[in-house]
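Each reported figure results from applying straightforward, stated rules to the coordinates on display, with no laboratory input. Just so you know, these numbers come straight off a predicted model, no measurement behind them. Cβ: placed from backbone, ideal geometry, glycine included. Neighbour counts: every protein chain shown.
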Amino acid sequence: MDYYRDTTLLSEPMDNKKIVSRPVYLNLLKIRQPITALASIGHRISGVLLFIAIPLMIWTLDTSLQGPQQYQQVVTLYDQPLMKLLLLLLAWAGAHHFFAGIRFLFIDIDWGVDLVTARRTAGMAIGCGVVGVVIALIVIL
Amino acid sequence: MKSWLLQRFTAVYMALFFVYFIAALLIAPSESYEEWQVWMRSTPMALATTLFFFALLGHAWVGLRDVFLDYIKPFVLRLVLLNLLAIGMIVMALWVVRILLTGGA
């Protein structure tokens with residue numbers, strides 16, 4: 001079963017022994033999350049990734065402004081395959097965080113709160129994250 | 001100011017700056033050190049970029065603090081990590097000031 005939906009909890013008579021015997025945790029990996037939850041957890045994960053990247057961003061800014069040689073060092077560094085891979089990951093994080101964040105701002109002002117719209121915009125935010133990676137791929141290669 | 005509000009204001013500023021920055025790079029990419037540093041060291045860009053990093057650090061502080069509060073339960077560990085985080089944020093803010101507002105020491 002890949003989707004837990006415990007309707008028995010509501011339909012069965014309240015029996016304390018039964019409730020105690022039920023598992024007290026849910027395996028998050030086995031639950032098929034609604035798309036809105038995926039957009040939300042993606043926002044958190046991408047946010048943490050972007051946070052980790054802040055020192056790299058500042059270092060890049062610092063070094064690239066120190067002189068022509070240092071600037072070239074930065075260019076060479078970002079030409080490495082591993083760095084390009086990292087840039088793709090950060091492109092996803094940036095694009096997803098950006099669009100899912102804008103979605104949250106609209107939800108803050110009560111726009112797109114109804115389930116149909118919320119699901120659609122969640123899908124759009126996730127899609128924009130993927131598009132961000134594709135654009136980054138085109139720019140990098 | 002409520003951290004919730006700080007999160008929103010910084011988000012809007014960063015979004016505007018980010019769109020400008022990406023658009024500028026796509027329309028007229030800096031192809032050399034000279035172009036890059038003339039652009040970044042111009043007063044408006046240096047100020048706007050410094051402000052961007054301040055917004056980023058404030059935004060990340062609120063976000064990471066929420067993440068820590070959600071997942072790190074032991075009180076002492078939480079306190080230590082939040083303090084390290086705060087120190088890290090301040091150091092990075094000063095680093096940006098040193099890069100962009102001091103003419104590059």
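Could you check the range B:71-99 and list, in sequence order, the residues that are in contact with a Lys or Arg (Cβ under 8 Å, 6 or more places away or on another chain) and either at the interface with chain A (Cβ under 10 Å from one of its Cβ atoms) or part of a helix (DSSP H, G or I) (or both)?
The initial filter retains those residues of the range B:71-99 that are in contact with a Lys or Arg (Cβ under 8 Å, 6 or more places away or on another chain), namely B:72, B:82, B:85.
Residues satisfying the conditions are B:Leu82, B:Leu85.
Condition test on B:Ala48, is it away from every other protein chain (no Cβ under 12 Å), out of contact with any Leu (no Cβ under 8 Å at 6 or more places or on another chain) and buried (at least 16 other Cβ atoms within 10 Å of the Cβ)?
In short, yes.
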### Query
When both residues are 6+ apart or on different chains and their Cβ atoms are under 7 Å apart, which pairs have a first residue that lies in the range B:45-62 and is without any contact (Cβ under 8 Å) to a residue 24 or more places away in the chain, and a second that is in a helix (DSSP H, G or I)?
B:Met45/B:Trp39
### Task
Check the range A:101-112 and report whether any residue there is in a helix (DSSP H, G or I) and of a type in the set (Gly, Ala, Ser).
yes
### Query
Identify, please: which residue in the range A:95-108 is surrounded by fewer than 21 Cβ atoms within 10 Å (Cβ to Cβ) and more than 11 Å from chain B (Cβ to nearest Cβ) and is, among those, nearest to B:Phe21 (Cα to Cα)?
A:Phe106
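Which is among the aromatic types (Phe, Trp, Tyr), more than 13 Å from chain B (Cβ to nearest Cβ) and either buried (at least 17 other Cβ atoms within 10 Å of the Cβ) or on the phi > 0 side of the Ramachandran plot (or both), of A:Trp111, A:Trp92? Walk me through it before giving the result.
Details: A:Trp111 fails: either buried (at least 17 other Cβ atoms within 10 Å of the Cβ) or on the phi > 0 side of the Ramachandran plot (or both).
Step by step, each of A:Trp111, A:Trp92 is checked, and only A:Trp92 is among the aromatic types (Phe, Trp, Tyr), more than 13 Å from chain B (Cβ to nearest Cβ) and either buried (at least 17 other Cβ atoms within 10 Å of the Cβ) or on the phi > 0 side of the Ramachandran plot (or both).
Restricting the search to the range A:27-69, which residues are of a type in the set (S, T, N, Q) and either surrounded by 14 or more Cβ atoms within 10 Å (Cβ to Cβ) or in contact (Cβ under 8 Å) with a residue 40 or more places away in the chain (or both)?
Pass one, the range A:27-69, residues of a type in the set (S, T, N, Q): A:27, A:33, A:36, A:40, A:46, A:60, A:63-64, A:66, A:69.
If the condition is that a residue be of a type in the set (S, T, N, Q) and either surrounded by 14 or more Cβ atoms within 10 Å (Cβ to Cβ) or in contact (Cβ under 8 Å) with a residue 40 or more places away in the chain (or both), then A:Thr36, A:Ser40, A:Ser46, A:Thr60, A:Thr63, A:Ser64, A:Gln66 are the ones that fit.
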### Task
Could you list all residues from the range B:18-44 that are exposed (fewer than 13 other Cβ atoms within 10 Å of the Cβ) and more than 11 Å from chain A (Cβ to nearest Cβ)?
B:Ala23, B:Ile27, B:Ala28, B:Ser42, B:Thr43, B:Pro44
### Message
Is it the case, given these coordinates, that A:Leu82 is among the hydrophobic types (A, V, I, L, M, F, W, C), in a helix (DSSP H, G or I) and touching a helix residue (DSSP H, G or I) at 6+ places or on another chain (Cβ under 6 Å)?
### Response
no
